[in-house]
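To keep things clear, I will list the structure first and then write my remarks on it.
Here, each number is a calculation from the coordinates, and none is a lab measurement. None of these values were measured; they are calculated from a predicted model. Positions of Cβ are generated from backbone atoms using ideal geometry, with glycine treated the same way; all protein chains shown enter the neighbour counts.
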Amino acid sequence: MSSMTSTLLDGLVGQVVVVDLQSTYVCLGTLVAYDGDYLEIRDADLHDFRDSTATREVYIYDSARFGIRRNRARTLIRRDDVVAISRFEDISES
């Protein structure tokens with residue numbers, strides 16, 4: 001993801017998203033802005049799976065069922081570490 005702007009990302013600004021990262025982290029929160037290098041996420045849950053027994057899928061599913069566990073008011077995520085980004089409301093609870 002090297003482009004400064006993206007019409008695809010523009011459609012996600014202001015929405016609660018799930019950002020899957022190449023590393024052992026996942027980030028859930030509101031995408032408020034982005035540039036060529038970073039995504040800015042507010043009211044974020046930045047979760048490190050090294051500190052958990054839950055799989056990525058179970059953690060995200062539980063967050064959809066029980067709510068996001070906010071642990072950051074604001075965080076910047078490097079775009080080159082992003083594997084996928086999706087709307088939180090698109091997480092299937094079944």
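Quick notes
- Listed from fewest to most Cβ neighbours within 10 Å, the set 85, 91 follows the order 91, 85.
- Under the Debye formula (equal points on every Cα, no solvent term), log10 I(q)/I(0) of the chain at q = 0.13, 0.16 Å⁻¹: -0.39, -0.60
- The simple Förster model, with R0 at 22 Å and r as the Cβ-Cβ distance, assigns residue 65 and residue 33 a FRET efficiency of 0.20.
- Separation of the residue 86 and residue 50 label points, Cα + 7 Å toward Cβ, nm: 2.6 nm
- Think of it as helices only: each DSSP H run of n ≥ 4 in the chain is worth -39500 (n - 2.57), and spread over all residues that comes to -4000 deg cm²/dmol at 222 nm.
- From most to least packed by mean Cβ count within 10 Å, the peptides 41-50, 55-64 give 41-50, 55-64.
- Relative contact order of segment 7-90: 37 percent, from C-alpha pairs under 8 Å at least 6 residues apart in sequence.
- Backbone N within segment 75-94 under 14 Å of label point (7 Å from residue 58 Cα along the Cβ vector): none
- Here the Karplus curve 6.51 cos²θ - 1.76 cosθ + 1.60, taken at θ = phi - 60°, turns the phi angles of segment 54-71 into couplings of 6, 6, 4, 5, 5, 4, 5, 4, 5, 5, 5, 7, 10, x, 6, 8, 4, 10 Hz, with x standing for Gly and Pro.
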